[in-house]
Amino acid sequence: MITRINERTHTPHDPLSEALGYAVPIVGGLTEHAVVAYWPGLDSYILDDEQATWTAKQWAEHLEDPLLEHPFAASPQGDRRAIFHLDARLHPDDRELSRAEWAEAAHRLARAAGIETPGDTNDCHWIAVQGKHGRLDLIANLIHLDGTWQGQPADLLRRLSDEARAIEEDLRLTPHELPPDSSAAARKRRPRQRSSPGFSPSSPTNSTARWSLCAASSSTPHTASPTRPVPPAPTRRIAWN
């Protein structure tokens, strides 16, 4: 599963249109299972006799409500683009997930993104749309009903990546291979280098190797210390792995 954070927008129409594959607003309801998950607080606003299926326009209006209530709300940086859009894509060889599995993945990604807190009725308005094969779109309004702005974790990308790996494992999906430089396997293969105030990260840390280099450069031994690293040989280069 690969997650991607799209650029935030002022209204939910473009993200919802992208998720569904056609322009919003439209006339008529969505397919029965298009919206697989949504803000839990919405249930308390829906009457028992209210229609079970909303139109795409109605879902867009639901996402837009906090913007209409608080048109001047902005992030601490002054950004008024409040619509957050995340999409998650499965591997082409993955099996087709059930509605319940898509819903589980949606809630887990929403919590990782900081837009859903279990038990908090003042959370963000959000919906998860499964409108394209092997893809889930999570769309949220970062403005709360009381006008406050929902801050997101500073390590948002890492949190989403970690949650996607956990979802892959729990749902038995095809693991996504991380780039070699950032994969756990690469980190295990890469030797750790400990630095001290007098050494740069590229300085050798093996004392035997330091004295071998010293002997190659001079017949007079040098004393190695954290504040006086052994000088490199002037005519010989050694690559440290």
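Under 6 Å by Cβ, and 6 or more places apart or on different chains, what pairs join a residue from the stretch 78-91 that is hydrophobic (A, V, I, L, M, F, W, C) with one that is in a loop (DSSP other than H, G, I, E, B) and crowded, with 22+ Cβ neighbours inside 10 Å? Note: pairs meeting the criteria are Ala82/Leu142; Ile83/Pro12; Phe84/Leu142; Ala88/Met1; Leu90/Met1. Taking the stretch 130-139 as the range and being on the phi < 0 side of the Ramachandran plot and touching a Pro at 6+ places or on another chain (Cβ under 9 Å) as the test, the residues that pass are Asp137, Ile139. Does Glu169 meet the test of being in a helix (DSSP H, G or I) and touching a residue at least 12 places away in the same chain (Cβ under 8 Å)? Taking the combined requirement at face value, the residue does not satisfy it. Counting only strands (runs of 3 or more DSSP E) wholly contained in the stretch 57-158, the ones carrying 1 or more residues that are open to solvent by 40 Å² or more (accessible area, probe 1.4 Å), out of contact with any helix residue (DSSP H, G or I) (no Cβ under 7 Å at 6 or more places or on another chain) and modelled with pLDDT of 90 or more occupy 83-89, 126-132.
The values are calculated or read from the model by the stated rules, or taken from the named source; none is laboratory data. Keep in mind it's a predicted model, so treat the numbers as computed, not measured. All Cβ positions, glycine included, derive from the backbone under ideal geometry; neighbour counts span all protein chains shown. Protein only, heavy atoms only, side chains kept; ligands, DNA and RNA dropped before computing areas. Shrake-Rupley method; radii C 1.70, N 1.55, O 1.52, S 1.80 Å.
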